[in-house]
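Remarks on the structure that follows.
The values are calculated or read from the model by the stated rules, or taken from the named source; none is laboratory data. This structure is a prediction, so every number in the text was calculated from the model and none was measured. Counting neighbours? That spans all protein chains shown, and the Cβs are built from the backbone with ideal geometry, glycine included. Side chains included, ligands, DNA and RNA excluded: accessible areas come from the protein's heavy atoms. Shrake-Rupley method; radii C 1.70, N 1.55, O 1.52, S 1.80 Å.
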Amino acid sequence: MCANSPRVPSPGTGGSLCSEGRLSLYCFVITAALILIPSVPQIYYGMVPQVWGAVLWGPVLYYALINMIIRFVLRNHDYQVAIRASFLGFTIAVSVLVICFAPSEWQQFGVYGSFMSFFHYSEFLVIAWANPRTLSLDSFMLNHSVHYGLAAAASWIEFSLEVYFLPQFKRFGYIWLGGVVLCFLGEVIRKAAIITAGRSFTHLVQDEKHSDHKLITSGIYGVCRHPSYVGWFWWSIGTQIILMNPICICIYTLVSWLFFHDRVYVEEYSLLNFFQSDYVRYQKRVPTGLPFIRGYRID
(Lines give C-alpha, C1' and ligand atoms only; values in the text may rest on other atoms or scores of the structure.)
Protein backbone atom coordinates (compact mmCIF):
# COMPACT_ATOMS: atom_id res chain seq x y z
CA MET A 1 0.00 0.00 0.00
CA CYS A 2 1.37 3.40 -0.96
CA ALA A 3 0.21 6.53 0.78
CA ASN A 4 -1.82 8.93 -1.35
CA SER A 5 -2.21 6.36 -4.13
CA PRO A 6 -5.03 3.97 -5.13
CA ARG A 7 -5.76 2.14 -1.91
CA VAL A 8 -6.28 -1.27 -0.52
CA PRO A 9 -8.61 -2.02 2.36
CA SER A 10 -7.01 -3.04 5.64
CA PRO A 11 -8.43 -4.37 8.87
CA GLY A 12 -9.79 -1.77 11.21
CA THR A 13 -12.84 0.38 11.72
CA GLY A 14 -13.74 3.48 9.80
CA GLY A 15 -16.76 5.62 9.01
CA SER A 16 -17.27 6.78 12.61
CA LEU A 17 -15.34 9.27 14.70
CA CYS A 18 -13.00 7.65 17.21
CA SER A 19 -12.47 8.97 20.74
CA GLU A 20 -9.32 10.91 19.79
CA GLY A 21 -11.23 12.52 16.95
CA ARG A 22 -14.07 13.59 19.24
CA LEU A 23 -11.60 14.97 21.79
CA SER A 24 -9.80 16.96 19.10
CA LEU A 25 -13.09 18.31 17.76
CA TYR A 26 -14.19 19.50 21.19
CA CYS A 27 -10.86 21.21 21.83
CA PHE A 28 -10.69 22.79 18.38
CA VAL A 29 -14.22 24.21 18.44
CA ILE A 30 -14.30 25.23 22.09
CA THR A 31 -10.92 26.99 21.92
CA ALA A 32 -11.93 28.91 18.80
CA ALA A 33 -15.25 29.90 20.39
CA LEU A 34 -13.73 30.94 23.73
CA ILE A 35 -11.28 33.21 21.91
CA LEU A 36 -13.73 34.72 19.42
CA ILE A 37 -16.71 35.30 21.72
CA PRO A 38 -15.00 37.72 24.15
CA SER A 39 -12.59 39.24 21.60
CA VAL A 40 -15.10 40.38 18.95
CA PRO A 41 -17.13 42.74 21.17
CA GLN A 42 -13.97 44.06 22.83
CA ILE A 43 -12.60 45.15 19.47
CA TYR A 44 -15.88 46.11 17.77
CA TYR A 45 -17.12 48.35 20.55
CA GLY A 46 -13.72 49.91 21.23
CA MET A 47 -13.29 48.33 24.64
CA VAL A 48 -9.66 47.75 23.64
CA PRO A 49 -8.30 50.91 21.99
CA GLN A 50 -5.59 49.31 19.88
CA VAL A 51 -6.72 46.65 17.40
CA TRP A 52 -3.44 44.75 17.22
CA GLY A 53 -3.27 44.66 21.00
CA ALA A 54 -6.68 43.07 21.15
CA VAL A 55 -5.97 40.64 18.34
CA LEU A 56 -2.66 39.51 19.78
CA TRP A 57 -2.71 39.83 23.55
CA GLY A 58 -6.33 39.11 24.42
CA PRO A 59 -6.47 35.74 22.57
CA VAL A 60 -3.00 34.80 23.83
CA LEU A 61 -4.14 35.23 27.42
CA TYR A 62 -7.33 33.26 26.77
CA TYR A 63 -5.32 30.55 25.04
CA ALA A 64 -2.88 30.34 27.95
CA LEU A 65 -5.80 29.85 30.34
CA ILE A 66 -7.31 27.16 28.10
CA ASN A 67 -3.96 25.37 28.01
CA MET A 68 -3.75 25.40 31.80
CA ILE A 69 -7.19 23.79 31.99
CA ILE A 70 -6.28 21.16 29.39
CA ARG A 71 -3.09 20.35 31.28
CA PHE A 72 -4.99 19.97 34.52
CA VAL A 73 -7.72 17.73 33.07
CA LEU A 74 -5.83 15.53 30.57
CA ARG A 75 -2.66 13.48 30.57
CA ASN A 76 -0.38 11.58 28.21
CA HIS A 77 -1.72 10.94 24.69
CA ASP A 78 -5.05 12.71 25.25
CA TYR A 79 -3.18 15.82 26.35
CA GLN A 80 -0.99 15.73 23.22
CA VAL A 81 -4.05 15.46 20.97
CA ALA A 82 -5.93 18.19 22.84
CA ILE A 83 -3.05 20.67 22.90
CA ARG A 84 -2.54 20.40 19.14
CA ALA A 85 -6.23 20.72 18.34
CA SER A 86 -6.50 23.64 20.75
CA PHE A 87 -3.54 25.37 19.10
CA LEU A 88 -5.19 25.04 15.67
CA GLY A 89 -8.45 26.35 17.11
CA PHE A 90 -6.51 29.30 18.48
CA THR A 91 -4.83 30.05 15.14
CA ILE A 92 -8.08 29.89 13.16
CA ALA A 93 -9.77 32.19 15.69
CA VAL A 94 -6.94 34.73 15.50
CA SER A 95 -7.05 34.48 11.70
CA VAL A 96 -10.76 35.35 11.75
CA LEU A 97 -10.02 38.36 13.97
CA VAL A 98 -7.35 39.51 11.52
CA ILE A 99 -9.81 39.18 8.63
CA CYS A 100 -12.44 41.20 10.47
CA PHE A 101 -10.45 43.88 12.24
CA ALA A 102 -6.85 44.16 11.02
CA PRO A 103 -5.70 46.82 8.52
CA SER A 104 -6.81 45.92 4.99
CA GLU A 105 -3.34 44.97 3.76
CA TRP A 106 -3.12 42.29 6.47
CA GLN A 107 -6.57 40.77 6.01
CA GLN A 108 -5.32 38.36 3.36
CA PHE A 109 -2.94 36.90 5.92
CA GLY A 110 -5.97 36.09 8.03
CA VAL A 111 -7.54 34.24 5.08
CA TYR A 112 -4.27 32.36 4.60
CA GLY A 113 -4.09 31.52 8.31
CA SER A 114 -7.64 30.18 8.24
CA PHE A 115 -6.85 27.82 5.36
CA MET A 116 -3.60 26.68 6.99
CA SER A 117 -5.27 25.98 10.34
CA PHE A 118 -8.20 24.16 8.78
CA PHE A 119 -5.94 22.08 6.53
CA HIS A 120 -3.86 20.75 9.41
CA TYR A 121 -6.78 20.14 11.72
CA SER A 122 -8.95 18.50 9.04
CA GLU A 123 -6.11 16.10 8.18
CA PHE A 124 -6.35 14.69 11.70
CA LEU A 125 -10.14 14.78 11.88
CA VAL A 126 -10.75 13.07 8.54
CA ILE A 127 -8.22 10.32 9.33
CA ALA A 128 -9.91 9.92 12.74
CA TRP A 129 -13.17 9.28 10.91
CA ALA A 130 -12.01 7.37 7.83
CA ASN A 131 -9.09 5.32 9.14
CA PRO A 132 -8.62 5.58 12.92
CA ARG A 133 -6.36 2.52 12.85
CA THR A 134 -3.54 4.67 11.44
CA LEU A 135 -4.28 7.79 13.49
CA SER A 136 -1.35 9.35 15.33
CA LEU A 137 -0.13 12.75 16.44
CA ASP A 138 1.69 12.98 13.11
CA SER A 139 -1.73 13.02 11.42
CA PHE A 140 -1.94 16.72 12.28
CA MET A 141 1.06 17.12 9.95
CA LEU A 142 2.36 19.98 12.06
CA ASN A 143 5.81 18.41 12.02
CA HIS A 144 5.66 17.42 8.37
CA SER A 145 9.30 18.29 7.60
CA VAL A 146 11.95 20.96 8.11
CA HIS A 147 11.56 21.99 4.48
CA TYR A 148 7.83 22.49 4.94
CA GLY A 149 8.45 24.76 7.92
CA LEU A 150 11.11 26.75 6.08
CA ALA A 151 8.80 27.20 3.09
CA ALA A 152 6.04 28.53 5.35
CA ALA A 153 8.46 30.91 7.10
CA ALA A 154 9.74 32.18 3.74
CA SER A 155 6.18 33.00 2.66
CA TRP A 156 5.56 34.94 5.89
CA ILE A 157 8.76 36.92 5.43
CA GLU A 158 7.97 37.77 1.82
CA PHE A 159 4.43 38.83 2.72
CA SER A 160 5.63 41.04 5.59
CA LEU A 161 8.29 42.76 3.49
CA GLU A 162 5.89 43.42 0.65
CA VAL A 163 3.21 44.74 3.02
CA TYR A 164 5.79 47.18 4.38
CA PHE A 165 7.21 48.32 1.04
CA LEU A 166 4.31 47.68 -1.39
CA PRO A 167 1.07 47.55 0.63
CA GLN A 168 -1.08 48.55 -2.35
CA PHE A 169 0.15 45.55 -4.34
CA LYS A 170 -1.31 43.00 -1.93
CA ARG A 171 -4.92 43.61 -2.96
CA PHE A 172 -4.24 44.41 -6.61
CA GLY A 173 -7.24 43.43 -8.72
CA TYR A 174 -8.40 40.95 -6.09
CA ILE A 175 -6.31 38.32 -7.84
CA TRP A 176 -5.84 36.78 -4.40
CA LEU A 177 -9.43 35.50 -4.56
CA GLY A 178 -8.20 33.00 -7.15
CA GLY A 179 -6.04 31.55 -4.39
CA VAL A 180 -9.13 31.13 -2.21
CA VAL A 181 -10.74 29.09 -4.98
CA LEU A 182 -7.61 26.94 -5.42
CA CYS A 183 -7.29 26.30 -1.68
CA PHE A 184 -10.95 25.37 -1.39
CA LEU A 185 -10.82 23.00 -4.36
CA GLY A 186 -7.53 21.52 -3.14
CA GLU A 187 -9.06 20.81 0.27
CA VAL A 188 -12.12 19.18 -1.27
CA ILE A 189 -10.07 16.98 -3.61
CA ARG A 190 -7.62 15.86 -0.93
CA LYS A 191 -10.26 15.10 1.68
CA ALA A 192 -12.39 13.29 -0.91
CA ALA A 193 -9.35 11.12 -1.65
CA ILE A 194 -8.88 10.25 2.03
CA ILE A 195 -12.56 9.46 2.52
CA THR A 196 -12.74 7.40 -0.67
CA ALA A 197 -9.67 5.42 0.38
CA GLY A 198 -11.12 4.96 3.85
CA ARG A 199 -9.34 2.40 6.00
CA SER A 200 -6.52 2.00 3.50
CA PHE A 201 -5.32 5.62 3.53
CA THR A 202 -2.12 6.46 5.40
CA HIS A 203 0.24 9.41 5.47
CA LEU A 204 3.17 6.99 5.40
CA VAL A 205 4.37 5.38 2.19
CA GLN A 206 4.10 1.59 2.26
CA ASP A 207 6.37 -0.58 0.13
CA GLU A 208 5.08 -4.04 1.06
CA LYS A 209 1.96 -5.66 -0.39
CA HIS A 210 -0.33 -7.39 2.08
CA SER A 211 -2.62 -10.33 1.42
CA ASP A 212 -5.83 -8.27 1.47
CA HIS A 213 -4.64 -5.52 -0.84
CA LYS A 214 -7.08 -4.54 -3.59
CA LEU A 215 -6.69 -1.77 -6.15
CA ILE A 216 -9.24 1.03 -5.74
CA THR A 217 -10.14 2.92 -8.91
CA SER A 218 -13.63 4.19 -8.06
CA GLY A 219 -14.83 7.60 -6.95
CA ILE A 220 -12.30 10.35 -7.27
CA TYR A 221 -9.66 7.72 -8.09
CA GLY A 222 -11.56 7.20 -11.33
CA VAL A 223 -10.74 10.80 -12.28
CA CYS A 224 -7.06 10.92 -11.30
CA ARG A 225 -4.61 8.38 -9.91
CA HIS A 226 -3.21 10.57 -7.14
CA PRO A 227 -6.04 12.86 -5.96
CA SER A 228 -4.55 13.60 -2.54
CA TYR A 229 -1.38 14.85 -4.22
CA VAL A 230 -3.43 16.84 -6.73
CA GLY A 231 -5.32 18.51 -3.90
CA TRP A 232 -2.19 19.29 -1.93
CA PHE A 233 -0.38 20.62 -5.02
CA TRP A 234 -3.06 23.18 -5.89
CA TRP A 235 -3.74 24.01 -2.24
CA SER A 236 -0.08 24.90 -1.65
CA ILE A 237 0.02 27.19 -4.68
CA GLY A 238 -3.31 28.71 -3.67
CA THR A 239 -1.93 29.76 -0.28
CA GLN A 240 0.70 31.88 -1.99
CA ILE A 241 -1.78 33.41 -4.41
CA ILE A 242 -3.88 34.43 -1.39
CA LEU A 243 -0.79 36.15 0.05
CA MET A 244 0.05 37.62 -3.36
CA ASN A 245 3.65 36.46 -2.93
CA PRO A 246 5.07 36.47 -6.50
CA ILE A 247 8.41 34.96 -5.49
CA CYS A 248 6.89 32.19 -3.38
CA ILE A 249 4.24 31.45 -6.01
CA CYS A 250 7.03 30.57 -8.45
CA ILE A 251 9.12 28.69 -5.87
CA TYR A 252 6.18 26.75 -4.41
CA THR A 253 5.02 25.73 -7.88
CA LEU A 254 8.46 24.50 -8.91
CA VAL A 255 9.35 22.75 -5.66
CA SER A 256 5.92 21.13 -5.31
CA TRP A 257 6.03 19.89 -8.88
CA LEU A 258 9.50 18.40 -8.44
CA PHE A 259 8.50 16.76 -5.16
CA PHE A 260 5.35 15.15 -6.56
CA HIS A 261 7.08 14.17 -9.79
CA ASP A 262 9.62 12.11 -7.84
CA ARG A 263 7.07 10.87 -5.28
CA VAL A 264 4.62 9.63 -7.92
CA TYR A 265 7.41 7.93 -9.87
CA VAL A 266 8.58 5.97 -6.82
CA GLU A 267 5.05 5.08 -5.67
CA GLU A 268 3.97 3.85 -9.07
CA TYR A 269 7.00 1.61 -9.29
CA SER A 270 5.72 -0.12 -6.15
CA LEU A 271 2.12 -0.13 -7.35
CA LEU A 272 3.11 -1.80 -10.60
CA ASN A 273 4.91 -4.48 -8.60
CA PHE A 274 1.83 -4.92 -6.42
CA PHE A 275 -0.89 -4.99 -9.07
CA GLN A 276 1.01 -5.57 -12.34
CA SER A 277 -1.32 -5.69 -15.37
CA ASP A 278 -4.29 -4.30 -13.40
CA TYR A 279 -2.33 -1.18 -12.62
CA VAL A 280 -1.03 -0.91 -16.19
CA ARG A 281 -4.63 -0.82 -17.44
CA TYR A 282 -5.50 1.72 -14.77
CA GLN A 283 -2.58 3.93 -15.82
CA LYS A 284 -3.73 3.88 -19.44
CA ARG A 285 -7.26 4.82 -18.50
CA VAL A 286 -6.72 7.45 -15.78
CA PRO A 287 -4.13 10.28 -15.67
CA THR A 288 -2.12 11.18 -12.58
CA GLY A 289 -4.01 14.46 -12.31
CA LEU A 290 -0.79 16.45 -11.88
CA PRO A 291 0.35 18.67 -14.75
CA PHE A 292 3.04 17.10 -16.98
CA ILE A 293 3.58 14.19 -14.58
CA ARG A 294 3.08 10.73 -16.11
CA GLY A 295 4.43 8.59 -13.30
CA TYR A 296 6.39 5.38 -13.76
CA ARG A 297 5.50 3.67 -17.03
CA ILE A 298 6.65 0.33 -18.40
CA ASP A 299 5.40 0.92 -21.94
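Observations
- Residue of 199, 84, 22 that the Gaussian network model of the chain assigns the largest fluctuation, springs spanning Cα pairs under 10 Å: 22
- For the chain, a crude dipole built from +1 on the beta carbon of Lys and Arg and -1 on the beta carbon of Asp and Glu, taken about the Cα centre, is about 520 debye to the nearest 20.
- Span-rule helices in the chain, defined as complete DSSP H runs reaching 20 Å or more along the axis (Cα) with Kyte mean at least 0.0: 19-44, 51-73, 76-101, 104-130, 146-165, 176-197, 227-243, 246-275
- When you restrict to C-alpha pairs under 8 Å that are six or more residues apart and normalise by the size of the chain, the relative contact order lands at 26 percent.
- Residue 251 versus residue 147: modelled label distance in nm, points set 7 Å from Cα along the beta carbon direction: 1.4
- Of all lysines in the structure, the ones whose alpha carbon falls short of 25 Å from that of residue 214, not counting any fewer than 8 places away in one chain, are 191, 284.
- Of 21, 149, 238, the one that fluctuates the most in a GNM where the chain has Cα springs shorter than 10 Å: 149
- Eligible aspartates and glutamates near residue 170 by straight Cα distance, threshold 18 Å, same-chain separation 8 or greater: 105, 158, 162
- In this rough spin-label picture, where each label sits 7 Å from Cα along the Cβ direction, the residue 29-residue 265 distance is 4.6 nm.
- Mean accessible surface per residue for region 146-209, computed with a 1.4 Å probe while every protein chain stays in place, in Å²: 58
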